[in-house]
Each structure stands twice: as C-alpha cells, then as structure tokens.
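The next block holds one structure in the form of structure tokens; read it before the comments.
The values are calculated or read from the model by the stated rules, or taken from the named source; none is laboratory data. Values in this document were obtained by computation on a predicted structure and should not be read as measured data. When we count neighbours, we look across all protein chains shown, and the Cβ atoms used for this are built from the backbone with ideal geometry, even at glycine.
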Amino acid sequence: MIIVIMKNGLESLLWDMCIDPSMKPKIRRLSETYLEQLFGLDDQLMTPDLMIKACTFYTGHLVKSHFSGWKDIAIPRIREEDIIAKNMEIAIKHDNLKLQKYVFYPWHSYVKNLKEQIKDVLFRIQQIFHNKKLIIILYKWRDKAIYQSKKREEELLLKHEVQLKKWRNRIKSRGAIEEIVSVEHIWSGDYFVGKITEFDLTQLPERAILQIFSNLNLKDMIIFGQVCHAWMAMIQNSTLWNHIDFSSVKHTLMDKYVVHTLQRWRLNVLRLNFRGCPLRLKTLRFVSLCKNLQELNVSDCSTLTDESMKHISECCPGILYLNLSYTAITNRTMRLLPRHFHNLQNLSLAYCRKFTDKGLRYLNLGHGCHKLIYLDLSGCTQISVQGFRNIANSCTGLMHLIINDVPTLTDNCLKALVEHCLRITSVVFIGSPHISDLAFKVLSKCNLRKIRFEETGNKRITDSCFKHIDKHYPNISHIYMANCKGITDSSLKSLSPLKQLSVLNLANCIRIGDTGLKQFLDGPSSTKLRELNLSNCIQVGDASILRLAERCPNLNYLSLRNCEQLTDSGVEYIINIYSLISLDLSGTNITNKGLSILSRHKKLKELSLSECYEFTNYGIQVFCRVSQILEQLDVSYCTQLSDEFITTLSIYCLNLTFLSIAGCTKITDSAVEVLSAKCHYLHILDISGCPLLTDEICEFLQMGCQQLRILKMEDCRLISREAAMKMSSIVQQEYNPTGTSVWSSYDDKG
C-alpha cells in the first residue's frame with residue numbers, strides 16, 4: 001500500500017484505502033437529490049467546481065487524520081526524557097572538552113617554552129664548553145707558539161752571533177780586499193760551518209744549463225767561457241746568442257770584439273742592443289750581417305747616421321722592433337723605413353729632433369708602415385699639426401702612442417691624429433701643458449684602454465674630461481692622471497660605473513677626498529682594482545681606507561704617501577686587504593702602534609716609510625720580526641732610527657733586495673757590517689746623508705753584498721773619494737761628499 005501511495009502520490013489516497021475490505025462500513029452513496037434536500041442547495045449555489053473543492057477538502061482532511069494516526073502507530077514515538085538525557089550527555093562531553101582545552105593550552109605553552117629554554121640552555125652549555133675548549137687549545141697553542149718563537153729567536157740570534165763572529169774573524173784574517181770569497185760560498189751557509197761540497201755544473205741537464213746562462217750578461221758569459229773547456233763548450237750553444245746585449249759592457253766595449261761576435265753568430269742573432277755604445281761608424285755597418293735580425297736598439301748611439309741605417313735597412317728587412325731614440329737621424333732615414341721594413345711594428349723616435357713633418361710623410365711611401373702598432377714621439381717638439389696628420393695617413397693601425405715632453409702638443413694635433421687612427425688603445429702624455437678636456441673628447445672615437453697624463457700646473461684638465469667616461473671608454477683599464485689639480489670628487493663619481501678599471505693613479509690630485517673615493521669604490525670596478533695611487537691626496541682619511549678594505553679584495557699596490565689624515569686606525573683597516581704586497585705610507589703619522597698592527601699582515605714585500613717621524617726602533621723591529629718575505633724597505637729621513645733596527649732587519653729579512661736609509665744620521669759602520677754579513681741579495685742600497693759612515697763600509701759591502709748593483713752615498717763626508725772609486729768599478733754609484741743636499745736634515749757637524 002505504501003508503495004502505491006509513493007507511486008501515485010497523496011492525491012490518489014482514499015479515506016478507506018487502508019481499511020480491510022471486510023471491515024469497511026456498508027454505506028450507501030448519497031445521491032445528488034438527497035444532498036440537495038439535505039443542505040437545501042439550489043442549482044445556482046451548488047456548482048461542479050464547488051463540489052470538487054468540497055470533496056477534495058474532505059478527502060484531504062480524512063487522509064491527514066487517518067495517515068497521522070497510522071504514522072503514530074507505525075513509527076514509535078521518542079520520549080522527551082531520552083532526548084534531554086542525550087543532549088545532557090553531549091553538553092557534558094562538550095564542557096569536559098572545553099575544560100580540557102582551557103587547561104591544556106597553558107600547559108602546552110608552558111611545556112613548549114620549557115623545551116625551548118632547555119634547548120637554549122643546552123646550546124649555551126655546548127657553546128661555553130666549545131669556547132672553553134677553544135680557549136684551552138688556544139692557550140696551549142699560544143704557549144707553544146711563544147715557546148717556539150722564543151726558541152727560534154734564540155737560535156737566530158745565536159746563529160747571527162756565530163756568523164758575525166766568523167765574519168769579523170775573516171775580515172781580520174784577510175788583509176786585502178782583492179781576496180774575496182765568491183758569493184755562492186757565503187750564501188750556502190757552509191762558509192760558516194766548514195768546507196764546501198764540490199759540484200760539477202756540466203752534470204745538470206742541458207735545459208737547466210741554458211736557463212742559467214740565459215740570465216747572464218755578455219761580460220759574465222765570456223768570463224765563464226774562460227773557466228774550462230767544458231764551460232766554453234756550453235756557452236757555444238746557438239740559443240744563448242739569439243739575444244746579445246752590448247749595452248751592459250758599453251764602457252769597456254771594443255769595436256773589434258763587436259765585429260768578431262757579429263761575424264761568429266750572424267745567423268743566430270735575433271735581438272741586438274747597442275744602447276749608448278760609442279761604436280765607430282764602420283762597426284755599426286756589420287749589423288747588416290745579421291740577416292735574421294728582428295729587434296734592433298741603437299738608442300743614444302751618437303755615431304749612428306743615415307748612411308749606417310741605409311746598410312742595415314737593405315740587409316735586415318725582417319726587423320719588427322726598431323729603437324732610434326736619442327740619435328741624429330734625418331728625413332733620409334725616415335724615407336728608408338717604409339721601403340725596407342715592411343713588417344715594422346714598434347718604432348721609437350724619442351728625442352730625435354732632426355727629422356721634420358716631411359719625414360713623417362715619407363712613412364706612407366711604398367708599402368708604407370701600415371703594420372706599425374707602437375710609436376714613441378717623446379721630445380719631438382718639431383712636429384706640427386701637419387706632422388700628426390701625416391702619421392694618421394701612414395699608420396692607420398697604430399695602437400700605442402707615447403708623446404712625452406712635447407710642450408707644443410695641442411688638442412688640434414690629437415684631433416688630426418685621430419681622424420684615421422681609430423684603433424688607438426693606449427696614450428701617454430707627460431709634459432704637455434696645453435692638453436685640455438677637448439683632447440679626451442676627441443679620443444672618445446678610439447677604444448682606449450690606457451690613459452696616462454701628467455703635467456705639473458696644468459689647469460686645463462677638469463672634471464669634464466671624465467664626464468660620460470663609461471660611455472666613451474667602456475673598456476678602459478688603466479688611468480694615470482697625476483698632478484691634475486682641477487680634478488675633484490665629481491671625477492671619481494664619474495669613474496664609478498667603469499667595469500674593467502684595474503689601475504688608477506691620482507697622485508697629487510689634492511682636491512680629492514673621502515666622499516668621492518667612497519662613491520668610486522661603490523662601483524663595479526672596485527673588485528678588479530689592482531693598483532691605487534693616492535699620493536699627496538691630503539683630504540683622504542681613515543673612512544676611505546675602511547671602504548677600500550671592504551670593496552677591494554684584489555688590491556696589490558697602494559700608495560698613501562703624504563696622506564696626513566691617515567692614522568693608526570686606518571692602518572688597522574689596511575691589514576684586511578689580504579692581497580696587498582706593496583704599501584707606501586711615507587709622510588704619514590704612523591706610530592709604533594700602527595707598525596705593530598701592520599705586522600699582522602705578513603704578506604707585504606714592499607714597504608715605504610720615508611719621512612715618518614712618529615715611530616722608533618721598537619715599531620720597525622716588531623714589523624721586521626714577522627716580515628720574513630720583505631724585499632724592499634724605505635725608511636729614509638727617519639732620523640730616530642739607529643743600528644738596532646739594522647741588526648733586527650739583518651736577522652729576519654734575509655731576502656732584502658732594496659734598502660734606503662738615506663738621512664738616518666744615527667747609522668754607523670757596525671750596522672752596515674751586520675747588513676753585509678747577512679743580506680747577500682741586496683741590489684740597491686741608499687746610504688746618502690749618513691754622516692757617521694766611513695771607508696770601512698766599502699770593504700764590508702764588497703765582501704758580503706756581491707749582488708749589489710746601485711750604491712748611493714751622497715753627503716757621506718767620512719767616505720773618501722779613493723774608497724768610492726774602488727766601489728765604482730763594481731757597482732753603479734752616486735757619490736758627492738761635499739755638497740749638502742736640500743733634503744738633508746742635519747748641519748755641517750752632522
């Protein structure tokens with residue numbers, strides 16, 4: 001039945017459908033007439049629609065009443081007490097859960113915080129334990145390092161005393177300076193121990209022997225060839241005669257030896273150097289025998305003429321490098337260059353003042369000098385604008401140009417040159433007071449990578465020359481703009497966008513300060529900067545050095561000469577530039593504290609402390625004790641230094657090659673004696689203005705410093721002229737015992 005109701009809907013229900021047919025009442029259906037009589041309805045009031053509505057209402061009322069009764073019987077009724085009990089149970093559970101949450105959250109936060117505190121405590125305990133462990137290790141390491149350092153110092157001092165004692169005994173036992181032990185004997189250390197072990201040089205591989213002999217000059221090689229037949233055979237190797245430097249023996253050179261050498265090795269010679277050799281005209285003609293010659297240097301040869309160059313040019317067409325500086329060549333030689341030297345790449349005409357603009361025009365004759373890439377016209381003041389125009393027409397491939405000491409050089413000269421020489425990458429203008437910002441604007445047509453300009457008192461160079469430099473010279477790597485008083489911080493700001501800059505020299509640019517230097521160092525080029533010269537930039541201080549240490553990890557050379565605002569704090573920043581190997585702090589206010597801080601760097605090979613009056617022997621001794629790789633040291637005019645400093649320097653800095661103690665008035669013969677006994681690699685020594693030195697030092701230097709090449713001893717009044725003359729046969733020297741130099745810091749009495 002229910003299925004029938006669900007299919008047909010409630011409207012199909014009848015009131016007696018759910019009653020068993022046997023139980024249905026037997027009621028007769030009332031007729032319409034009976035209803036009309038019963039209700040008293042007439043035809044107008046009793047319409048079919050009303051009948052239908054009445055029946056429908058009645059039927060629906062019966063359905064509702066009977067179906068509701070059936071539903072109450074068929075579906076059991078839920079008691080209200082059960083519902084209340086169930087709701088109460090749910091409420092109790094919810095209340096318990098809420099109570100648990102109220103208690104759990106604080107507990108959870110407490111536990112979480114407790115865990116974090118425990119974790120922090122454990123971390124701090126571990127950190128304290130680790131720090132304590134490190135401290136213990138560090139203390140032990142420090143104690144061991146101090147012990148080893150003291151032990152090493154004691155050994156060095158003991159060894160120094162033994163060596164010095166034997167050195168002095170040797171001086172006493174050798175009464176004559178001529179009996180000099182070879183420098184190898186002293187270097188090896190066996191001199192202070194015992195007999196030297198014999199060694200045969202011929203047992204070395206041929207490649208090693210050639211490498212050794214290739215570093216000898218012509219005089220030494222000839223002397224070595226006279227030792228024995230084996231050595232004579234070794235120096236006959238043809239590769240040793242590819243490069244012959246006659247300039248090293250120009251004072252003792254004889255023409256017949258030059259002729260013999262050129263005839264003997266004419267097929268092997270590739271490079272010849274006659275710089276400053278006073279040869280006869282006939283001797284120079286023998287250069288033409290060297291058919292394979294590639295490089296020829298005849299600079300400062302007063303006997304060189306156009307006729308000599310004619311013979312050389314006709315027979316040596318393969319020359320690539322030609323140096324004619326300081327010679328008397330004329331336009332005749334200039335006419336020969338393009339006709340015979342078709343592959344000429346490097347040409348130096350520095351200080352050749354006898355050729356004219358017409359000679360430069362000859363460079364375009366024949367095949368021309370279109371392969372020329374390097375040209376030096378320094379000191380050629382006779383060249384006009386037309387001459388530079390002739391160079392531009394002849395040497396279109398020019399890349400490197402040097403024009404020094406030409407006061408007649410103007411912007412128009414460079415403008416004429418750049419018209420056709422657009423491949424120029426480097427220019428050098430030193431001593432050109434008429435160059436202005438316009439010249440740098442003209443050079444923007446070229447792909448410049450190197451600019452060097454220096455002129456005292458030139459006010460034509462201003463910040464305008466660096467304006468838009470990143471667009472005009474994007475690949476520039478070297479900038480030398482010394483003595484340009486018109487350059488300010490604005491120029492450094494213009495340089496900051498450069499990406500390839502590695503060398504910057506702004507010496508004597510006194511208007512540059514910390515602000516401009518900071519702006520420059522914030523640019524991309526700071527990480528590639530290798531050399532920085534800020535000499536006499538008096539406005540540069542510690543703030544710039546701090547930024548320098550942060551931004552320049554590859555800096556190798558730094559000059560802060562006469563930067564008076566630099567203090568010991570700035571020196572502390574310098575030691576963070578780990579790549580630094582050369583440092584100039586001359587004229588600064590560095591003290592013993594600053595030198596003690598600087599000693600922590602340990603990688604410096606060159607240090608200049610000239611005219612620094614604030615430090616004493618103690619500061620420089622502390623620095624020398626840890627600077628064993630130091631090669632060059634300048635402490636000139638530091639009058640507070642004495643022999644103690646030289647003793648420490650001799651013990652620890654055995655690789656020293658350059659030393660200047662000029663103006664150190666407290667230095668005596670004992671200091672030079674110790675220096676000679678220990679520093680055998682010394683090449684250059686300046687002892688000018690040391691009034692306490694005597695002739696005895698010449699004997700010391702001859703015996704100990706046999707590699708010494710240059711010795712300066714001006715204003716050394718106790719050194720006689722005879723002793724100086726003996727030294728002149730061994731080293732190149734500057735000697736003037738009587739005249740007091742303007743830089744001397746002492747009077748006639750010392």
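Any residue in region 354-378 that's on the phi > 0 side of the Ramachandran plot: show its pairings with residues that are assigned to a helix (DSSP H, G or I) and crowded, with 22+ Cβ neighbours inside 10 Å at Cβ separation under 8 Å, as long as the two are six or more apart or on different chains.
GLY368/SER394
Output the residues belonging to region 302-340 that are modelled with pLDDT of 90 or more and either touching a Pro at 6+ places or on another chain (Cβ under 9 Å) or part of a strand (DSSP E or B) (or both).
TYR321, LEU322, ASN323
For region 616-647, how many residues are in a helix (DSSP H, G or I) and within 31 Å of the chain's Cα centre (by Cα)?
The initial filter retains those residues of region 616-647 that are in a helix (DSSP H, G or I), namely 617-626, 643-647.
Still in the running and within 31 Å of the chain's Cα centre (by Cα): 619-626.
The number of residues fulfilling the criteria is 8.
Output the residue which, of all residues in region 706-739 that are surrounded by fewer than 14 Cβ atoms within 10 Å (Cβ to Cβ) and of a type in the set (Ser, Thr, Tyr), is modelled with the lowest pLDDT.
This residue is THR738.
When you scan region 460-573 for strands (runs of 3 or more DSSP E) that lie fully inside it, which ones turn up with 3 or more residues that are not acidic (Asp, Glu)? Don't jump to the end; show me each part of the working.
Values: elements: 478-482, 503-505, 531-533, 557-559.
Ranges flagged: 478-482, 503-505, 557-559.
Please work out if LYS467 is closer than 21 Å to LEU409 by Cα and either of a type in the set (Lys, Arg) or within 25 Å of the chain's Cα centre (by Cα) (or both).
Details: closer than 21 Å to LEU409 by Cα: no; either of a type in the set (Lys, Arg) or within 25 Å of the chain's Cα centre (by Cα) (or both): yes.
No: the conditions fail for LYS467.
So in region 249-281, with the set limited to residues that are outside any helix (DSSP H, G or I) and polar (S, T, N, Q), which one is modelled with the highest pLDDT?
So in region 249-281, the residues outside any helix (DSSP H, G or I) come out as 250-254, 265-280.
Okay, now just the ones that are also polar (S, T, N, Q), so 252, 268, 273.
Numbers: THR252: 79, ASN268: 88, ASN273: 93.
Ranking the qualifying residues of region 249-281, first place goes to ASN273.
Is one or more of the residues making up region 697-704 more than 18 Å from THR616 (Cβ to Cβ), of a type in the set (D, E, K, R) and out of contact with any strand residue (DSSP E or B) (no Cβ under 9 Å at 6 or more places or on another chain)? If you could, list the steps in order and put the result at the bottom.
Start the filter on region 697-704 by keeping residues that are more than 18 Å from THR616 (Cβ to Cβ), which leaves 697-704.
With the extra rule that they be of a type in the set (D, E, K, R), the set shrinks to 699.
Filter once more, keeping what is out of contact with any strand residue (DSSP E or B) (no Cβ under 9 Å at 6 or more places or on another chain): 699.
Scanning region 697-704 turns up at least one residue that is more than 18 Å from THR616 (Cβ to Cβ), of a type in the set (D, E, K, R) and out of contact with any strand residue (DSSP E or B) (no Cβ under 9 Å at 6 or more places or on another chain).
Report yes if ILE684 is out of contact with any Leu (no Cβ under 7 Å at 6 or more places or on another chain) and of a type in the set (Val, Ile, Thr), otherwise no.
Numbers: out of contact with any Leu (no Cβ under 7 Å at 6 or more places or on another chain): yes; of a type in the set (Val, Ile, Thr): yes.
For ILE684, the condition - out of contact with any Leu (no Cβ under 7 Å at 6 or more places or on another chain) and of a type in the set (Val, Ile, Thr) - is met.
So LYS282 clears everything in (1) closer than 23 Å to ALA350 by Cα; (2) surrounded by fewer than 16 Cβ atoms within 10 Å (Cβ to Cβ) except one condition, right? Which one?
Here LYS282 meets the rest and fails (1).
Residues to consider are LEU35, LEU50, LEU41; find the one that is surrounded by 11 or more Cβ atoms within 10 Å (Cβ to Cβ), out of contact with any Phe, Trp or Tyr (no Cβ under 6 Å at 6 or more places or on another chain) and either in the same structural domain as ILE3 (by TED's automatic domain parsing) or modelled with pLDDT of 75 or more (or both). Don't jump to the end; show me each part of the working.
Details: LEU35 fails: either in the same structural domain as ILE3 (by TED's automatic domain parsing) or modelled with pLDDT of 75 or more (or both); LEU41 fails: either in the same structural domain as ILE3 (by TED's automatic domain parsing) or modelled with pLDDT of 75 or more (or both).
So the residue among LEU35, LEU50, LEU41 that is surrounded by 11 or more Cβ atoms within 10 Å (Cβ to Cβ), out of contact with any Phe, Trp or Tyr (no Cβ under 6 Å at 6 or more places or on another chain) and either in the same structural domain as ILE3 (by TED's automatic domain parsing) or modelled with pLDDT of 75 or more (or both) is LEU50.
Could you count how many residues in region 412-459 are surrounded by fewer than 18 Cβ atoms within 10 Å (Cβ to Cβ), more than 19 Å from LEU375 (Cβ to Cβ) and touching a Ser or Thr at 6+ places or on another chain (Cβ under 8 Å)?
Counting residues in region 412-459 that are surrounded by fewer than 18 Cβ atoms within 10 Å (Cβ to Cβ), more than 19 Å from LEU375 (Cβ to Cβ) and touching a Ser or Thr at 6+ places or on another chain (Cβ under 8 Å) gives 2.
Condition check: over 19 Å from SER238 (Cβ atoms), in a helix (DSSP H, G or I), under 44 Å from the mean Cα position of the chain (by Cα) and not small (Gly, Ala, Ser). Does LEU344 satisfy that? Break it down stepwise before answering.
On the way: over 19 Å from SER238 (Cβ atoms): yes; in a helix (DSSP H, G or I): no; under 44 Å from the mean Cα position of the chain (by Cα): yes; not small (Gly, Ala, Ser): yes.
So LEU344 does not fit the description; no.
I need the full set of residues from region 344-355 which are surrounded by fewer than 17 Cβ atoms within 10 Å (Cβ to Cβ) and farther than 20 Å from THR425 by Cβ, in order please.
ARG353, LYS354 - these are the residues of region 344-355 that are surrounded by fewer than 17 Cβ atoms within 10 Å (Cβ to Cβ) and farther than 20 Å from THR425 by Cβ.
From the set of residues in region 286-305 that are in contact with a Ser or Thr (Cβ under 9 Å, 6 or more places away or on another chain) and surrounded by fewer than 18 Cβ atoms within 10 Å (Cβ to Cβ), which is nearest to THR330 (Cα to Cα)?
THR305
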